[in-house]
Amino acid sequence: MDTDRAVTELLAGRRPPGLYRWPVAGTADTTAALSRAAGEGVRAFHLDGARIAGKDGLLRACADAFDLPEWFGANWDALEDSLTDLSWAPSRRGYLVVYDGWERLADADEGSFRTVLDVFAEAVASWRDTATPMSVLLPAELDGTPVPAGLPVLE
């Protein structure tokens, strides 16, 4: 499996945009993907979930990671509305979200984790047929870290 090639193909539009499980060898893969996205004209967002254990923490982290406007209402509907707008964060070629540390929320608050996956899926669908598609990657170490069931794997 060549995760570097898979991300390159995703950024170039040779793979469909989506919400993906992403097998990685470590944080270097994440850093490289975010850097490559910026170099390709894709607006990259890094959501660090290592300390997020609930809905409120996740919404605050999203407000920071996406630099959401002051009118952001800090609820699920407002997050979905914001991610399907992004007028304050223009991009030439699309959007890439890398949600590191998602395992913490998945373990601590499965309901909120499933809800944020639904929100991301709606945002991806909203941008899919535009000139600026969005993809969301959930990195999982190759060491056997469990990954969310039901999501396609980017490989």
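The values are calculated or read from the model by the stated rules, or taken from the named source; none is laboratory data. All of these numbers come straight from a predicted model, not from anything done at the bench. Cβ atoms come from the backbone with ideal geometry, glycine included; neighbour counts cover every protein chain shown.
Any residue that is within 19 Å of residue 90 (Cβ to Cβ), touching a residue at least 24 places away in the same chain (Cβ under 8 Å), surrounded by 15 or more Cβ atoms within 10 Å (Cβ to Cβ) and among the aromatic types (Phe, Trp, Tyr) - is there at least one of those in segment 34-51?
So far as segment 34-51 goes, yes, one or more of its residues are within 19 Å of residue 90 (Cβ to Cβ), touching a residue at least 24 places away in the same chain (Cβ under 8 Å), surrounded by 15 or more Cβ atoms within 10 Å (Cβ to Cβ) and among the aromatic types (Phe, Trp, Tyr).
Kindly establish whether residue 101 is surrounded by 15 or more Cβ atoms within 10 Å (Cβ to Cβ), at positive phi and at pLDDT 95 or above.
Numbers: surrounded by 15 or more Cβ atoms within 10 Å (Cβ to Cβ): yes; at positive phi: yes; at pLDDT 95 or above: no.
No: the conditions fail for residue 101.
I want to confirm something. Restricting to segment 124-155 and keeping residues that are farther than 10 Å from residue 20 by Cβ and among the acidic types (Asp, Glu), which single residue is modelled with the lowest pLDDT?
143
Within segment 1-15, track down each residue that is under 18 Å from residue 120 (Cα atoms) and touching a Pro at 6+ places or on another chain (Cβ under 8 Å).
Result: 10, single match.
Scan segment 31-58 for residues that are charged (D, E, K, R) and either touching a Lys or Arg at 6+ places or on another chain (Cβ under 9 Å) or not in a helix (DSSP H, G or I) (or both) and report the count. Can you show your working first?
Of all residues in segment 31-58, those charged (D, E, K, R) come to 36, 40, 43, 48, 51, 55-56.
So of that shortlist, the ones also either touching a Lys or Arg at 6+ places or on another chain (Cβ under 9 Å) or not in a helix (DSSP H, G or I) (or both) come out as 40, 43, 48, 51.
Qualifying residue count for the region: 4.
Can you name every residue in segment 70-121 that is in contact with a strand residue (DSSP E or B) (Cβ under 8 Å, 6 or more places away or on another chain), assigned to a loop (DSSP other than H, G, I, E, B) and either over 30 Å from residue 14 (Cα atoms) or among the hydrophobic types (A, V, I, L, M, F, W, C) (or both)?
86, 89
When you check residue 61 against the structure, is it outside any strand (DSSP E or B) and either buried (at least 17 other Cβ atoms within 10 Å of the Cβ) or modelled with pLDDT under 90 (or both), yes or no?
Yes, satisfied.
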